[in-house]
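Data block below; observations after.
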Amino acid sequence: MVKENCGVVGIFSRDGTNVIPMVIDALRALQHRGQEAWGIAIPKKAPIKRLGLVSGASGEYQKITEEYASPAAIGHVRYSTVGKSNLENAQPLKVKDLCIAHNGTIANVAELANLVGGCTFTPQNASDTLVAAQRLVSLMSTNGKLGSALSILKNEMAGSYCFTFVSDDNAVYAARDPRGFRPMVLGSKEDGQVTIVASESSALTAIGAKLVRDVLPGELLKFSNSGMESEMFSEEKKHAHCSFEFTYFAHPTSRMEGTNIYVARKRIGQFLARKFPIKDADLVIPVPDSARPAALGYAQELGIQFDEGLLKDRYSKKGPLRSFIEPHQSDRVEINRWIIPITEIIAGMHVVVIDDSLVRGTSSKAIIKALRRAGARKISMLITYPPIKYPCYAGIDFPSQDELATGIIGDGVTDEQVIDKIRRDIGADFLGYNDAENLANAVGIPLDSMCFTCTSGDYSTLGIKPVFKTREEMKGE
């Protein structure tokens with residue numbers, strides 16, 4: 001299964017304004033969602049795609065803006081969980097007269113490929129986005145409109161998806177899957193002359209646009225010179241918003257499902273303090289950067305000193321990047337090597353370290369070693385997200401059990417035993433995980449409206465029964 005937890009944007013200007021500068025700025029604001037590649041598509045041209053960060057092509061901005069000038073465009077930043085990190089797999093992709101960008105995972109992509117005659121699909125050299133686009137174009141050729149094609153495709157396709165499209169007839173479209181796994185928001189600027197859809201509201205803020213609302217699960221939007229049109233291609237009542245967005249993935253300034261991410265993370269820290277009140281601690285520190293609000297909330301709830309005991313080296317090559325979404329273990333290690341402790345803050349202290357998640361254990365092990373070297377007397381680590389035990393097939397990079405810190409859990413093994421093993425592996429004196437109910441309560445979304453498949457192993461909301469594979473099988477590494 002090829003998975004993409006990425007960032008997408010679509011912009012349309014009714015007054016003919018060239019939207020490419022806005023697309024570039026929006027993609028830069030979504031860079032935290034994908035660091036491997038990016039691209040832009042406009043009507044009647046092949047998409048432009050580049051490897052690396054959007055800022056890495058700053059010298060090309062003027063040329064791109066002039067050559068791809070258009071009032072209608074979509075863009076994409078890529079974070080791959082499966083499929084090789086090359087320009088061929090970068091997005092947007094073009095099939096006939098439709099360009100497509102995708103954030104999510106098509107979990108039954110091999111079966112879907114058979115419907116478009118693609119019996120040779122392999123996840124290492126193909127894209128679920130391409131397969132979905134081919135099937136969609138095929139359905140449109142017989143059923144006409146995009147909404148009608150999506151209403152059929154949703155029954156054939158299992159998984160999560162937020163799509164943006166741009167067509168050769170100068171229209172921009174956006175669609176969100178019926179469960180709402182991945183986020184998508186609608187915005188506007190210039191008194192409604194410019195309409196924007198994006199993965200997060202941080203992209204709207206970056207271009208001076210206002211957040212209008214979340215795109216509804218199962219909704220298709222169309223932007224053209226006729227204005228905005230909305231239709232529901234699915235009326236699924238049960239939602240499954242990704243819980244990992246709230247603890248790690250989303251930008252802290254974004255507003256998602258009616259909740260500001262920074263405020264939600266701070267509340268998660270407060271609720272974590274009620275679950276694990278470590279009152280003999282001297283100091284609470286965050287693992288930079290996404291755990292900072294939770295650490296502050298934890299410290300304030302218990303009245304314990306909060307400080308910055310760990311800092312990222314922003315000047316190293318990999319220092320500013322996010323280790324979790326790097327595709328290769330060597331790059332994750334390099335990023336974590338540049339998280340540096342402040343000895344004068346740490347020495348002699350019982351330190352409570354707050355982190356947003358513990359996936360492979362790479363970061364946690366390196367950080368605890370660094371804190372020991374800095375003279376920490378005792379180290380308690382608290383994780384804002386529940387134990388990740390199963391692969392994600394909704395667009396987050398937990399593709400195989402063998403690479404998770406929990407490992408493959410055998411029959412009869414208790415959660416307490418698993419957590420104690422991880423504690424010993426990473427070298428902490430105490431390790432505590434949040435639980436799904438506590439997290440949902442802190443965010444303010446009902447537990448049954450959030451996706452916790454990676455901790456529960458219940459894939460019913462995705463409509464699949466996966467066969468677990470190794471990372472080598474998934475990515476062809």
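Exactly one residue among I379, I367 is surrounded by 21 or more Cβ atoms within 10 Å (Cβ to Cβ) and either charged (D, E, K, R) or assigned to a helix (DSSP H, G or I) (or both), and that residue is I367. Evaluate the following for T142: is it among the polar types (S, T, N, Q) and in contact with a Phe, Trp or Tyr (Cβ under 6 Å, 6 or more places away or on another chain)? Against the criterion (among the polar types (S, T, N, Q) and in contact with a Phe, Trp or Tyr (Cβ under 6 Å, 6 or more places away or on another chain)), T142 does not qualify. For the range 165-178, residues that are closer than 23 Å to I396 by Cβ and more than 16 Å from the chain's Cα centre (by Cα) total 3.
Candidates in the range 276-307 are the residues that are over 13 Å from R265 (Cα atoms) and at pLDDT below 95; of these, the one that is surrounded by the fewest Cβ atoms within 10 Å (Cβ to Cβ) is K279. Here I388 does not fit the description of being touching a helix residue (DSSP H, G or I) at 6+ places or on another chain (Cβ under 9 Å), of a type in the set (A, V, I, L, M) and not in a loop (DSSP other than H, G, I, E, B). When the range 423-454 is filtered for residues that are of a type in the set (V, I, T) and surrounded by 22 or more Cβ atoms within 10 Å (Cβ to Cβ), the ones remaining, listed by number, are V443, T453.
Annotation: I345 fulfils all but one of (1) in contact with a Lys or Arg (Cβ under 9 Å, 6 or more places away or on another chain); (2) under 18 Å from F306 (Cβ atoms); the unmet one is (1). Every condition in (1) in a helix (DSSP H, G or I); (2) modelled with pLDDT under 95; (3) within 21 Å of S202 (Cα to Cα) is met by G104 except one, and the failing one is (1).
For every residue, the table says whether it meets (1) farther than 14 Å from D356 by Cβ; (2) assigned by TED's automatic domain parsing to the domain that holds K145.
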residue	(1), (2)
E229	yes, yes
E245	no, no
S254	yes, no
E257	yes, no
Q270	yes, no
K279	yes, no
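If the requirement is being part of a helix (DSSP H, G or I) and in contact with a strand residue (DSSP E or B) (Cβ under 7 Å, 6 or more places away or on another chain), which of these qualifies: L186, L272, L220, L211? Only one candidate passes the filter, namely L272. Pairs meeting the criteria (first residue in the range 164-178 and under 14 Å from A149 (Cα atoms) and assigned by TED's automatic domain parsing to the domain that holds K45, second residue at pLDDT 95 or above and among the small types (G, A, S), beta carbons under 6 Å, at least 6 apart or on different chains) are A174/G10. Filter the range 16-43 for residues that are surrounded by fewer than 22 Cβ atoms within 10 Å (Cβ to Cβ) and in a helix (DSSP H, G or I) and give the result. Passing the criteria: P21, D25, R28, Q31. Does the range 175-224 hold any residues that are crowded, with 24+ Cβ neighbours inside 10 Å, β-branched (V, I, T) and closer than 15 Å to S13 by Cβ, and which are they? Once the filter is applied, which keeps residues that are crowded, with 24+ Cβ neighbours inside 10 Å, β-branched (V, I, T) and closer than 15 Å to S13 by Cβ, the range 175-224 yields T195, I196, V197. Can you find a residue in the range 349-364 that is more than 15 Å from I426 (Cβ to Cβ) and either modelled with pLDDT under 90 or not in a loop (DSSP other than H, G, I, E, B) (or both)? The answer is yes, given that some residue of the range 349-364 is more than 15 Å from I426 (Cβ to Cβ) and either modelled with pLDDT under 90 or not in a loop (DSSP other than H, G, I, E, B) (or both). Annotation for the range 231-249: no member residue is β-branched (V, I, T) and over 30 Å from E344 (Cβ atoms). Within the set A73, A69, A46, A90, the sole residue that is assigned by TED's automatic domain parsing to the domain that holds F165 and either aromatic (F, W, Y) or at pLDDT below 95 (or both) turns out to be A90.
In the range 189-208, the qualifying residues are those that are assigned to a loop (DSSP other than H, G, I, E, B) and not charged (D, E, K, R), and the one that is nearest to D25 (Cα to Cα) is I207.
The set of residues in the range 226-247 that are of a type in the set (S, T, N, Q) and surrounded by fewer than 18 Cβ atoms within 10 Å (Cβ to Cβ) comprises S226, S230.
The values are calculated or read from the model by the stated rules, or taken from the named source; none is laboratory data. Values in this document were obtained by computation on a predicted structure and should not be read as measured data. Counting neighbours? That spans all protein chains shown, and the Cβs are built from the backbone with ideal geometry, glycine included.
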